[in-house]
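In what follows, a structure is listed as structure tokens, so that the remarks can point back to it.
Coordinate-derived values only; no laboratory data. All values derive from a computational prediction rather than experimental measurement. When we count neighbours, we look across all protein chains shown, and the Cβ atoms used for this are built from the backbone with ideal geometry, even at glycine.
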Amino acid sequence: MKEIKIENLSHSIGTKALFKQINFSIMNEQKVGLIGRNGNGKSTFLKVLAGILDPDQGTRIKPGDYQVGYLSQEPDLDNKATVLETVFAGNTPIMNAVRKYEQLLIQLTEHPNDKKIQTQFTKAQQAMDTTDAWNADSSAKRILSILGISDMNQVIGSMSGGQQKRVALAQVLIQTPDLLILDEPTNHLDFEMITWLENYLMNYKGALLVVTHDRYFLDRIVDKIVELENGQLQEYSGSYQSYVTEKAEREEQLASSRHKAKQLYKQELAWMREGVRARGTKQKARIERFERLKGQVGQSSQTFNLDIDLASSRLGKQVFELYNATYSIDHKVILNDFNYIVQTHDRIGITGANGSGKSTFLNLLTEKIKLDSGELIVGE
């Protein structure tokens, strides 16, 4: 069974140590969720595992034929390339065959009577047969269609950020690597796309390592949670919900241990203050134990809970009021004679297909863009 490992990984950015001698491995068909606070180094860890970043210290061990597919939060795609060129990038025989076939298919559609193109297309079909690339081609088109990408000739630079992220996602899924590394894959996906991606990943035969803030996504697809905290990795078996339960139990045990250490420290501190001289072996051992306790208590005293009071109230009940609001962009109607009132304590979710205008609506509410007509009243 294929496996990729990282041993004794240490890495810093500036004066901040992100990883301290950590070890990690993931085997075929394992599905792991990586979690941790923002800024703890999750994305950096993914880049090290993908072989994109060389760490200060540590070893990356994998089989010679092991393939890793990596989706970053902000994919760096060639703006001049087409969707076709992007999703079928790579030098594998299958990718080369599919890319050539699709390019010639477009040319043949535009010039059906060109003998030279016909000859090249026939050879491309034969290459598809030889490499058994037909399944890859049909799978790629299906994935692109589900992700809302239909024009294989569209240039990447003409696409929105969300569309580019979906093209990048399709690219790594089409490659079917031994390890899929996905950094926030559900960003820019609507509900139907997320549901499809969950099912796809649950049935994926390779290994998966995913970073996401979507706890429901994690609950559906992963069988292990790895938390990056204070430069160390802590593993938890099961889904995100299992992690929450197990971590709460672990923290309760740690708090109990710290409490006992503090109580013992107080007793030993009183003994030390009596001025007892370390004349015997037992006394020396007791002094050494006191120093160890002192260190433990000192470390535990650095941990604290941050309580934030979010119960502050507004001056009034009015938040947003929209009257006869109308707005269109590029001949597409986003709002048409729309009326709505948002009050204090409302909790509102906005859903809709990609491109339906959700982000535009939020920009209207925050007055980054103005209504074509109608009135927006913003509360104090």
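Summary table
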| item | result |
| --- | --- |
| Sites N38 and I106 - FRET efficiency at Förster radius 51 Å, r taken between beta-carbons, to 0.05 | 0.75 |
| Helix runs (DSSP H) in the chain reaching 20 Å along axis by Cα, Kyte-Doolittle at least -1.0 | 93-110, 161-175 |
| Cα gyration tensor, region 47-169 - rounded (a/c under 1.5), prolate or oblate | oblate |
| Radius 11 Å from Cβ of T82, net charge of other residues (Lys, Arg +1; Asp, Glu -1) | -2 |
| Gyration tensor verdict on the chain (Cα atoms; rounded if a/c is under 1.5, prolate if a/b is larger than b/c, oblate otherwise) | oblate |
| Burial order of peptide ranges 234-244, 6-16 (average beta-carbon count within 10 Å, highest first) | 234-244, 6-16 |
| Environment charge of M27, counting only residues whose C-beta is closer than 14 Å and scoring Lys/Arg +1, Asp/Glu -1 | +1 |
| Local net charge near G64, Cβ-Cβ under 15 Å (Lys/Arg +1, Asp/Glu -1) | +1 |
| If the convex hull is drawn through the Cα atoms of region 130-227, its volume per residue in Å³ | 113 Å³ |
| Cα centroid separation, region 139-216 to region 39-72 (Å) | 20 Å |
| Cα shape, region 151-193, gyration tensor, a/c 1.5 rule | oblate |
| Counting DSSP beta bridges with both ends in the chain, the antiparallel % (nearest 5) | 65 percent |
| Considering only region 154-263, percent of DSSP beta bridges that pair antiparallel, nearest 5 | 55 percent |
| Extension gain from V378 to Q283, taking 0.36 nm per residue of separation minus the Cα-Cα distance | 27.0 nm |
| Efficiency of FRET from Cβ geometry, D223 and D129, R₀ 30 Å, rounded to 0.05 | 0.20 |
| Column: log10 I(q)/I(0), Debye, Cα scatterers of region 203-268, q = 0.27 Å⁻¹ | -1.21 |
